[in-house]
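Scroll down for the structure; my scribbles are underneath it.
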Amino acid sequence: MYRCLVVPLALAGAVMLGGAAGCSSKTLERYQDAPVGAQNENPADLIRFPDGYSNVASKCDGPNRVYVAFKGDEVRAAVAVVGNDPRCTGAAR
């Protein structure tokens, strides 16, 4: 009887260890994967939507306007770049 429990318990333990190993602080690391060049630290324009909808931030980067939308506290985002936006002067602002 105990033999029948050993394999499922070992598999469950392996799955739990694999899941725990997947929970890393990678999303909290700042610039650990590649060298960093120039940075645009200027403030972004925020568009705040009612609860349940994604908020949007945008800012100029050279002649382009970059939009980023996050959904809650998720670690992923949607990104869109509008080239040659007339509101952008060509210099990062």
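The phi torsions of the stretch 64-75, fed into the Karplus equation with coefficients 6.51, -1.76 and 1.60 and a -60° offset, translate into couplings of 9, 10, 10, 10, 10, 10, 9, 10, x, 9, 4, 8 Hz, rounded to whole numbers, with Gly and Pro shown as x.
Remark: the stretch 48-54, residue by residue, has Karplus-estimated 3J(HN,Hα) of 9, 9, x, 3, x, 10, 6 Hz, where x stands for each Gly or Pro and the curve is 6.51 cos²θ - 1.76 cosθ + 1.60 at θ = phi - 60°. For the stretch 42-82, trypsin sites (Lys or Arg not before Pro) are listed when DSSP marks them as loop and at most 15 other Cβ atoms sit within 10 Å of their Cβ; the list is Arg48, Lys71, Arg76.
Distances between placed amide hydrogens fall under 5 Å for Gly62 paired with Ala92, Arg93, all partners being 5 or more residues away or on another chain. The modelled label-to-label distance between Asp85 and Phe70, using points 7 Å beyond Cα along the C-beta direction, is 1.8 nm.
Every number in this text was worked out from the coordinates using simple rules, so none of it is lab data. For clarity, every value in this text was computed on a predicted model and none was experimentally measured. For neighbour counting, all protein chains shown are included, and Cβ atoms are generated from backbone atoms with ideal geometry for every residue, glycine included.
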